[in-house]
Amino acid sequence: MLDMTDPNSIQNESDLVRVSEKLSELYQDYPLTSLTAYSMYWLHQWKLKRRIEAIAILSWRLFPDKFAMVGYRQYPDAFRTNRSLLQMQPKYRNLLSGSAVTGFSLNQRGNDIGTDLTAVLGVPTTSQGDVLGSVSTSNSSTNSTSMKKAARTIEPEREIARVRTSKAFEKWKDQIMTGRDLIHIHGLLGIFDHTPANVRISAMKDLEKYATQTKDEEIQRFLTDVRKTFPHLLNR
């Protein structure tokens, strides 16, 4: 839960320009919809209206590699944000409700993604390193339960499609994946440095199960090579 007494907390939409970008390698493998959910999660925590303008500005400030205009990194690409919001609608990924006129709200699935990504990416900060709010650690067990529940509802085809767009798979296809690409495996599995071994192993087994269910032999070979290349990550 956000500590609204924090003097560094965002108070209004104009404060969004204070938000610093996240490290590029931390978010490269996440889809636009998940990153948008992270932005919306924090707009909600700051009690700001979640209209497309605010979502576009915050997503651009946090993730310029994904949400800046091509060739003009200093400007947000509102069309990309709008496309992401459309993909998050109930008839697609079912992560939010609302419209451009009334504003958007994350549903439980979208909120879970925002919470989970906060564990990976951390709380938003300023360029001076000031933390823009705080999150209570008392929700950790609840968040873990939400992650497991969300994982059980993921469609195999959707998850395999996500694997195919990951940086790790791209490097594997180009035959340049090495043990130095650990950060891309973190993104692939949705984990971070201090994720417990049982959670890492479970995430890998889920991907292997989806690859089997979809009979995708190429992804099966890729995951086999991931296990061989990162045994320390995927074994107890």
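The values are calculated or read from the model by the stated rules, or taken from the named source; none is laboratory data. Keep in mind it's a predicted model, so treat the numbers as computed, not measured. Every residue, glycine among them, receives a Cβ derived from its backbone with ideal geometry; neighbour counts consider all protein chains shown.
Pull up the range 107-127, narrow it to residues that are in contact with a Phe, Trp or Tyr (Cβ under 9 Å, 6 or more places away or on another chain) and polar (S, T, N, Q), then point me to the one that is surrounded by the most Cβ atoms within 10 Å (Cβ to Cβ).
Top of the filtered list is THR115.
Taking the condition of being under 25 Å from VAL120 (Cα atoms) and assigned to a helix (DSSP H, G or I), how many residues in the range 211-232 meet it?
Start the filter on the range 211-232 by keeping residues that are under 25 Å from VAL120 (Cα atoms), which leaves 211, 219, 222-232.
Imposing the further condition that a residue be assigned to a helix (DSSP H, G or I) reduces the set to 211, 219, 222-229, 231-232.
Counting residues in the range 211-232 that are under 25 Å from VAL120 (Cα atoms) and assigned to a helix (DSSP H, G or I) gives 12.
Return the pairs, sorted by first residue and then second, in which the second residue is of a type in the set (D, E, K, R) and buried (at least 20 other Cβ atoms within 10 Å of the Cβ), the first residue lies in the range 107-125 and is assigned by TED's automatic domain parsing to the domain that holds GLN45, the beta carbons are less than 6 Å apart, and the residues are 6+ apart or on different chains.
Pairs found: LEU121/LYS22.
Taking the range 193-210 on its own, how many of its residues are among the polar types (S, T, N, Q) and either assigned to a helix (DSSP H, G or I) or modelled with pLDDT of 85 or more (or both)?
From the range 193-210, those among the polar types (S, T, N, Q) are 195, 198, 202; that's our starting set.
Restricting the remaining residues to those that are either assigned to a helix (DSSP H, G or I) or modelled with pLDDT of 85 or more (or both) gives 198, 202.
Residues that pass the stated criteria total 2.
For the list (1) part of a helix (DSSP H, G or I); (2) of a type outside the set (Val, Ile, Thr); (3) surrounded by fewer than 21 Cβ atoms within 10 Å (Cβ to Cβ), I need the number of the one condition that LEU188 fails.
All conditions pass for LEU188, except number (3).
Does any residue in the range 163-187 that is more than 17 Å from ILE219 (Cα to Cα) come within less than 7 Å, Cβ to Cβ, of a residue that is surrounded by fewer than 20 Cβ atoms within 10 Å (Cβ to Cβ) and of a type outside the set (A, V, I, L, M, F, W, C) six or more places away or on a different chain, and which pairs are these?
That search, which allows pairs on different chains as well, returns GLY179/THR229; ASP181/LYS171; ILE183/GLU25.
With the requirement that a residue be exposed (fewer than 15 other Cβ atoms within 10 Å of the Cβ) and modelled with pLDDT of 85 or more, what does the range 221-236 give you? Let's see the steps before the verdict.
Looking only at the range 221-236, we keep the residues that are exposed (fewer than 15 other Cβ atoms within 10 Å of the Cβ), and these are 221, 224-225, 227-228, 231-232, 235-236.
Passing the criteria: ARG221, THR224, ASP225, ARG227, LYS228, PRO231, HIS232.
Surrounded by fewer than 12 Cβ atoms within 10 Å (Cβ to Cβ), under 19 Å from TYR27 (Cα atoms) and not aliphatic (A, V, I, L, M): is that true of THR195 in this structure?
Values: surrounded by fewer than 12 Cβ atoms within 10 Å (Cβ to Cβ): no; under 19 Å from TYR27 (Cα atoms): yes; not aliphatic (A, V, I, L, M): yes.
Here the answer is no, as THR195 does not meet what is asked.
Suppose we filter GLU170, GLU159 for residues that are surrounded by 14 or more Cβ atoms within 10 Å (Cβ to Cβ), at pLDDT below 90 and either closer than 24 Å to ILE113 by Cβ or of a type in the set (Ser, Thr, Tyr) (or both); which single one remains?
Details: GLU170 fails: at pLDDT below 90.
Selected residue: GLU159, the only one of GLU170, GLU159 that is surrounded by 14 or more Cβ atoms within 10 Å (Cβ to Cβ), at pLDDT below 90 and either closer than 24 Å to ILE113 by Cβ or of a type in the set (Ser, Thr, Tyr) (or both).
Give the range 107-151 a look and list any residue that's part of a helix (DSSP H, G or I), at pLDDT 70 or above and of a type outside the set (A, V, I, L, M), or say none. Steps first, answer last, please.
Let us first name the residues in the range 107-151 that are part of a helix (DSSP H, G or I), namely 108-121, 137-151.
Next, from what is left, pick out any that are at pLDDT 70 or above: 108-121.
Across the range 107-151, the qualifying residues are GLN108, ARG109, GLY110, ASN111, ASP112, GLY114, THR115, ASP116, THR118.
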